[in-house]
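The values are calculated or read from the model by the stated rules, or taken from the named source; none is laboratory data. From a predicted model like this one, the values you see are computed outputs, not experimental measurements. Because the Cβ atoms are built from the backbone with ideal geometry, glycine has one as well, and the counts that use them run over all protein chains shown. Areas reflect the complete protein model, heavy atoms only, side chains present, ligands, DNA and RNA absent. Shrake-Rupley method; radii C 1.70, N 1.55, O 1.52, S 1.80 Å.
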Amino acid sequence: MTSRWWLPRRAVQTGTILLLASPVAGFTFFSGNLASAELAGVRLSDPLACLQAVIGSGVLIPSFLFGALLVTSGYFVFGGRSFCGWVCPVGFLTELGEKFSSKVRRGGRFLPLATGRYILAAVLVTVAATGVPLFEVLSPIGIMGRAIAFASLVPLLVPAAILLVEGVAAPRVWCRSLCPLGAFYAIIARFSPLKVGFHRERCTGCGDCVAVCPVPEVLEPLWDQGACRVCAGECTRCLACLDICPERALSVGFRFKKEPHSVTDVGRPIEKSAP
Amino acid sequence: MPISGIVVSCRPEEASGVAEKLAGNQGIEVHGVLADGKIVAVIEADTIDAEVDLVKGLQQMEGVISVQLAYHNFEDAAPEGAHPAGF
Amino acid sequence: MPKERDDSGISRRRFLKGGALAPLALALATAGGASVYLRPGEAHGFVLRPPGAIAARRFLAACVRCGKCAQACPYHAIRLQDRSVGIGTPYIAARQIPCYLCPDLPCVKACPSGALDPKTTEVEKVRMGTAQIVDREGCLSIRGLRCEVCYRQCPLIDQAITLEPRHNPRTGEHTIMEPVVHREKCVGCGVCENACVLPKPVIVVRETVEVQRDSYDF
Amino acid sequence: MGLSRRDFIKACAAAAAFAAAGASVARPEWAEAAEDGITWGKAPCRYCGVGCSVLVGVKGGRIVSTKGDPAGPVNKGLNCIKGYFLSKALYGKDRLTTPLIRKGNRMVEASWDEALDLIAAQYKKAIAEHGPDSVALYGSGQWTIQEGYVASKLMKGGIGTNNLEPNARLCMASAVVAFMNTFGSDEPMGCYDDLDLGDTYVLWGANMAEAHPVLFSRLIDNKLKHPKVKLIDIATRRTRTTKMADEFIAIKPHGDLAALNAIIHVILRDKLYDEAFVAKHVSFKRGKENAPYGLKDKEAFNETPADVKNLSFEEYKALMKPYTPQWAQKVSGIPAAKIEELARVYGDKSRKVNSLWTMGVNQHSRGVWVNNLIYNLHLLTGKICKPGENPLSLTGQPSACGTAREVGTFAHRLPADMVVMNEAHRKKAAGIWGVPAEKIPAKVGLHTVEMFRAIDRGELKCIWIQCTNPFQSLPNLNRVRKAAQSRKAFIVVSDIYPTRSTELADVVLPSASWVEKEGVFGNTERRTQQWFKMVNAPGKSKEDVWQLIEFAKRMGHGALFPYPEKGMHRAIFEEYRKFTLGTGKDLAPYGTYAKVRGLRWPVKANGTETRWRYTEADDEHVAKGEGIKFYKAPNNKVSVWFRPYEPPAEVPDRNYPFWFCTGRLLEHWHTGTMTGRVPELRRAVSQATVELHPEDAKRLGIRNRDQVRITSRRGSIVLTAEIGGRGTPERGSVFTTFFDEKKLVNEICIDAFDPLSKEPDFKKCAVKIQKA
């Protein structure tokens, strides 16, 4: 029996969409979208949106900053890119997109994962220089959030374009390599305590986990360097590897021992394993 | 093209004479002479200035007491208050 | 541990293909995106922002496009732009639904980022824009008809808009009651623009006029 | 008639010049000038009592444009915003186009024959079983004169019941009674020219700026031209009129009765009256007092000649002694010094004083008395029947004067000031109608409020409502609507759109409106205006006259209406005109009205109009040398009535602490049946709001645009609060408008009415206010 992490994950993804739509149905416990929201009286803000707004306008509202820090610390605990795997509606959309595209295989490697960091840097530089919050203007996440809450459908062209590009040429290129928010969370995720662990003794080497992983690069150290946990920030904690592994060789948790260097074949530092 | 309705007041006994003189002017149509010495006329001119000159001229005319403007139209386009109705 | 995985590393061929295709795709996406977003549109002219909005350029940066102000508006007057650099930012289409100046300004309270200045607490001090009569010849009231709908609907009646009566020389016995906007009082809520009975409103909200000039002449 | 655009403008210019020169000459072709295939015709505006003239542009069988008629003497080419969109009122999407008959809860389309046969059968059945007084016809001040005349002849001369009422009962019945008991003849002695010629205007409870827009613009122009002109606004609410007035005097609801008496007191005390005028023209009278408020069904109160006591001037002065300004200050809220000042305004011989009033005075549980007291001011000071100084009761419907008053479509009236109680009058009417004199019953019919109460009591079996919307406009509406909902009577409604009345009807008939038929209206200043049919009514719609005559044929009274199909309207008018000749209400031949923009009756032998009645200067019925002669009053003497103060029917108390008042606004008219179909007017004002005084609102925690629940002993309703907007009621009172068909505000109103005029008081009742 393997685990069934996909179930809660789909539930959270769907729940996010429902939450975004809840004001339309007349509920008042939630308002806003993923850029900034109020849930049961608690103000939450996307740290990158906050960063852009503050840099771009020079206006700083303490509660706004607090909301951003709250979200940052939350994602720090659960592993930053868990946002991508569990919350982000664009991630949800592209995942669904894959299901309908037989050509696309998971984990297509089009651009290096690191591209996102440069885009993030470029966004912040642009914001500082021009005052135009570049990512908030183009963000498919915001667009989808507003499409759900306000039925503003025209901008959905952007996520549609992403789906098209991914479906035809570059699988998963947006989430893996381009999204600056993903890159931002990847930086936090590196240090986050919640990680996927690897129990080498159970592994039969069937390769299913790599096949199912949207970012197979993060599993490579387990093979190549004999690491016993996934350290790379790019891991979205989607836990698909846990679900697929017939031997339960992977698990998720807060406490994994530090890298037992003795078992690594080559002994290269783990940090370099991430691309 | 400005079109105006005017009332020219004269002494009753001179009214018909003035009316004849008025009718002789180009751009003036006399529509009626009332018993109390009022002449109802319509004047037409190329510009508002020309019209004002015309009225000034009338005021100088012998037998004329006053010239009163009753109606003034200076637009050629849609009539006042006109609008497409019902849709 | 099997070694026959073919996707463990990036093959040279794949890398080249990716390297060539990716910029192409990016360029295409940019072109597509730009055509949708950066169309010259509302963002370049005057956009009527919700009460308390800070100066236009800073507003575009400070607004995180979360839509909370729009959700807070009880009249659904606040909409979100769906194109150009102002995408996702709130605006008021006064001709459809104007700002009715809620005394507690729920939109300002909802704004998380300060794009709507939280110091805005009095509706009379709001300056979203300034109403202007843009077509004096078209204005029914100035033509002598008893319309003055903008004046009577103005939430700051007799302050932001007053009626200035003067003799109507065309009929000789009626009064022209001309609505006159007072810039120092007008909050720019757009109720007048909304109420104007003409197909194209002759009174509209334009950019806030800071300097008071008198364009009102007989 | 192929006139070019230029010729048309010229025609307009000439017509205006003729009007300015004081001559009412107009050439018929001016009314029809062609331009771009548009044919223009003249018509009076369909809305209020001001009576603006409009030009109606028709192309392809459809009205494509309307505009103020430059030759119209009232408006000189101007309109208010309602008039500007006049044509659109006819072209709403939901025009009724076919007769509908109720089948259970559904309305089923029917033919005219089916509908009319059904109505006739129901009426016949009711008459056979319960007598002619079990049926009624409820009409309108928006009826044309022809419609009103046919209705009167059918009901009074044909069916034999006086159960005929116009909605004008709700509108100016108080003015009618006061005109009759003071002057012996209905309708004003003055006219709109007084607005140009006077120098002092006292408004008693009238928001002229919104209710009589074009007229107000004329009044303000007088003020702009002449610095001496003073406008004093006495009201319970600060309005747009207040804004343009020189002085606002706040008065408590019902306080007018006290204030007017106190002003008269000062005029008498300080000898500000015109001794010679009083001696020559005035007789003093005291009527019946301690009048009821009509709250009980069938409560009867009449002031018969036996109840009237003649007084000497000295007796009258003695009676007026207790009404000191100090006393009035307490009752009316007007400071005593202000009352003294007002008395001196009326008494100032160098001032030409005009009093103007409308619903604030008429919709009043002592409305006739207040009207009487205003006349007293003018009669004591002799400021009457002179150019520029007159009392003028402003009306609210396009033909409240023409159809309701002149034709006499009230339960007690016959055409031209005659009444059913008077045998000679009945004989004269019967003579003209060609029916036996006994046919017209002497018993006064049911007045409006009683008419609808009689439905509730089950006494009235059939009622036909034309051209009005009583199930939105009547007071104490819950009772009336419940009675109709329980199908206690057979209800027929003729209208042009679905209304809150058609929804309760058993038969709904589609009517033609305004220029879809030919007609004549009479406005406030006695101006009779005619128009021709210009377009066809949509679908199977038929004009009300046709409906009534077809019904009459089925009732066996077809012989009463032997009018030719072509020229029917002319024939009806000419027949009606016979009533007016020689009575001082003389009308001109129909053909004259077709040519002019209206004439003010009495029309002189030479075909010209009369601007001021009862004066030798203008009225042909007064011989040269007689000066002023009130020739319609008994002994040529008008009555100054002693009318004491009596409290209102319902006063705010601990449970219902606020006064409640209803009224009109500029953008919409009456119950909004027409203006509600004009998208532009709906955009301008979409819903009824309740106005509160800012301090009251603050105390109750109500802010602008909050939802507010208003509750009276009769009903409850939720409205949006409006604070500091177009109107501000005085502390302790609230105001709302009645045009909004979604908000039946009249459910709140009390059905107390003036005992003499039977006009309900829509301006005062007690309510409580809560934030909803």
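A few remarks follow.
- With all protein chains modelled, accessible area of D:Met320 [1.4 Å, Å²]: 0 Å²
- Working from label points 7 Å from Cα in the Cα-to-Cβ sense, the D:Phe532 to D:Ala594 distance is 0.7 nm.
- Residues D:Phe301 and A:Ala11, FRET efficiency given R0 of 60 Å [Cβ-Cβ distance, rounded to 0.05]: 0.20
- Taken residue by residue and averaged, Cβ atoms of other chains lying within 10 Å of the Cβ of C:186-196 number 1.
- Theoretical FRET efficiency, 1/(1+(r/R0)^6), r = Cβ-Cβ of A:Ile187 and A:Asp224, R0 30 Å, to 0.05: 0.85
- Label-point gap, in nm, between D:Lys288 and D:Glu620 - each point 7 angstrom along Cα→Cβ: 3.9 nm
- Shape category assigned to the range D:586-644 from the gyration tensor of Cα positions, a/c cut at 1.5: prolate
- Formal net charge of residues neighbouring A:Ser152 (Cβ-Cβ distance under 11 Å; K, R +1; D, E -1): +3
- The protein assembly as shown: antiparallel DSSP beta bridges as a percent of all, rounded to 5: 65 percent
- Exposure rank, largest accessible area first [D:Met244, D:Met189; 1.4 Å]: D:Met244, D:Met189
- Rounded if a/c under 1.5, otherwise prolate or oblate - chain D, Cα gyration tensor axes: rounded
- Helix content alone sets the calculated 222 nm mean residue ellipticity of the protein assembly as shown: runs of n ≥ 4 DSSP H residues at -39500 (n - 2.57) each, divided across all residues, give -9000 deg cm²/dmol.
- Since only D:Ile159, D:Ile440, A:Ala129 are under comparison, the one whose Cα sits farthest along the positive direction of the charge dipole of the protein assembly as shown, derived from C-beta charges on Lys, Arg, Asp and Glu, is A:Ala129.
- Estimated inter-spin distance, A:Phe100 and A:Phe66, nm [label 7 Å along Cα→Cβ]: 4.3 nm
- Relative contact order computed over the range D:674-744 (Cα-Cα under 8 Å; 6+ residues apart), in percent: 39 percent
- Per-residue shielding of D:68-81, expressed as the average number of other chain Cβ atoms within 10 Å of the residue Cβ, stands at 6.
- Spatially proximal lysines relative to D:Lys103 (Cα-Cα < 21 Å; intrachain offsets below 8 disregarded): D:Lys124, D:Lys125, D:Lys461, D:Lys482, D:Lys488, D:Lys540
- Given charges at Cβ of Lys, Arg, Asp, Glu: the range D:428-519 dipole, positive-most of D:Thr499, D:Gly431, D:Ala454: D:Ala454
- Sorting the segments A:52-59, A:19-26 by their mean number of nearby beta carbons within 10 angstrom, highest to lowest, gives A:52-59, A:19-26.
- Cα-only radius of gyration and Dmax that characterise the range B:3-73, units Å: 10.9, 33
- As a calculated quantity, the FRET efficiency between D:Asp196 and C:Gln159 at R0 = 25 Å, using C-beta atoms, amounts to about 0.20.
- Pairs beyond 18 Å (Cα-Cα), from D:Lys230/D:Lys338; D:Lys386/D:Lys595; D:Lys298/D:Lys428; D:Lys153/D:Lys553; D:Lys156/D:Lys428: D:Lys386/D:Lys595; D:Lys298/D:Lys428
- Protection-proxy order for peptides D:620-632, D:708-720, C:173-185, each taking the mean of Cβ atoms within 10 Å per residue, highest first: C:173-185, D:708-720, D:620-632
- Both numbers refer to the Cα atoms of the protein assembly as shown; Rg and Dmax are 39.8, 136 Å.
- Using only alpha carbons, the range C:121-203 has a radius of gyration to Kirkwood radius ratio (Rg to Rh) of 1.00.
- Chain D - share of DSSP beta bridges that are antiparallel (%, nearest 5): 50 percent
- Neighbour net charge for B:Lys21 - beta-carbon separation under 12 angstrom, K R +1, D E -1: -3
- Rounded to the nearest 10 Å², the accessible area of C:Arg170 at probe 1.4 Å: 70 Å²
- What separates the Cα centres of the range D:130-153 and the range D:328-395 is a distance of 34 Å.
- A DSSP coil position with no more than 14 other Cβ atoms inside 10 Å describes the following trypsin sites (Lys or Arg not before Pro) in the range D:462-531: D:Arg487.
- Spatial separation of Cα centroids for the range D:193-270 and the range D:406-473, in angstrom: 35 Å
- Whole-number D in µm²/s for the range D:416-564 (Stokes-Einstein; Kirkwood sum over Cα pairs; 25 °C, 0.890 mPa s): 138 µm²/s
- Computed accessible area, D:Cys462, all protein chains, 1.4 angstrom probe, square angstrom: 0 Å²
- Largest first, the residues D:Thr242, A:Thr130 sort by 1.4 Å accessible area into A:Thr130, D:Thr242.
- Counting, for every residue in A:48-54, the Cβ atoms of other protein chains within 10 Å of its Cβ and taking the mean gives 4.
- The mean of 1/r over all distinct Cα pairs in the range C:38-197, once inverted, gives the Kirkwood hydrodynamic radius of 16.7 Å.
- Relative to the compact-globule estimate of 2.2 N^0.38 Å, the Cα radius of gyration of chain A comes out at 1.02.
- Based on C-alpha pairs under 8 angstrom that are at least 6 apart in sequence, the range C:129-211 has a relative contact order of 41 percent.
- Spatial separation of Cα centroids for the range A:47-70 and the range D:32-96, in angstrom: 60 Å
- With a threshold of 20 Å on the Cα-Cα distance, the over-threshold entries among D:Lys585/D:Lys629; D:Lys317/D:Lys637; C:Lys119/D:Lys698; D:Lys296/D:Lys758 are C:Lys119/D:Lys698.
- Each other residue within a Cβ distance under 12 Å of D:Leu373 adds +1 if Lys or Arg and -1 if Asp or Glu, for a net charge of +1.
- Sequence-distant residues sharing a close amide H with D:Thr615 (under 5 Å, placed H): D:Lys629
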